[in-house]
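Structure, as structure tokens:
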Amino acid sequence: MRFLLVLIIGIAIGAGAIWYAREHRNHTPLQQAGDKIESTAKSTRDTISDKLHSLNLNGDTIKEELAKTGRVIREKSQQAGKAISDATADARVTAAIKTKLVRDSGLSAWNISVNTTDGVVTLSGTVSTPEDIGKAMVLALETDGAQRVISTLQVKPKS
């Protein structure tokens with residue numbers, strides 16, 4: 001969760017710094033800082049892309065799984081054997097994921113329902129693209145206490 005929050009803040013700061021640096025090209029130190037921030041933002045983007053790739057959460061794979069089963073499931077390999085039975089822990093997991101969804105401007109927390117039972121998170125509702133399903137699943141998988149994520153999210157492009 002912290003990683004994603006830092007990533008989003010970093011990208012926002014990076015974009016602002018890049019814009020500022022381009023507007024004030026005469027300021028060499030600012031341009032250098034902007035370049036450094038831009039390279040950091042690209043590195044962070046690449047890290048997330050690698051994570052999506054390692055979890056096999058690309059658009060084509062998600063489309064195939066949705067067509068076959070109507071849902072997308074991924075598990076954390078190192079914690080798949082542990083179960084969370086405490087109902088308050090499940091509520092904390094759900095709240096943490098909803099908070100992440102609210103903070104992510106690309107995903108609509110209003111259109112995505114989150115339910116957690118014994119560490120198994122179920123995401124349902126609608127998103128704009130298959131990639132958004134992947135983003136929502138990564139947010140959920142990176143939440144402490146989430147052992148397994150099942151997505152029944154459906155792609156419904158914005159009108």
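How much length is gained on full extension from Asn115 to Thr69, taking 0.36 nm per residue of separation minus their Cα-Cα distance?
14.6 nm
Taking Lys135 as the anchor, which aspartates and glutamates have their alpha carbon closer than 16 Å to its alpha carbon, excluding any fewer than eight residues away along the same chain?
Cross-link targets: Asp46, Asp50, Asp60, Glu65, Glu75, Asp104.
Could you order the peptides 123-135, 52-64 from most to least packed, using the average number of other C-beta atoms within 10 Å per residue?
123-135, 52-64
Multiplying the sequence separation of Asn58 and Glu131 by 0.36 nm and subtracting their Cα-Cα distance, what value in nm do you get?
Once the chain is fully extended between Asn58 and Glu131, it gains 25.6 nm.
On average, how much accessible surface per residue is there in segment 100-159, in Å², for a 1.4 Å probe, leaving out ligands, DNA and RNA?
In whole numbers, segment 100-159 has 46 Å² accessible per residue.
With all protein chains present and a 1.4 Å probe, how do Arg103, Arg148 order by accessible area, largest first?
The ranking, largest first, comes out as Arg103, Arg148.
The values are calculated or read from the model by the stated rules, or taken from the named source; none is laboratory data. Computed from a predicted structure; not experimentally measured. As a convention, Cβ positions derive from the backbone with ideal geometry for all residues, glycine included, and neighbour counts pool all protein chains shown. Quick note on the areas: whole protein, heavy atoms, side chains included, nothing else; ligands and nucleic acids left out. Shrake-Rupley method; radii C 1.70, N 1.55, O 1.52, S 1.80 Å.
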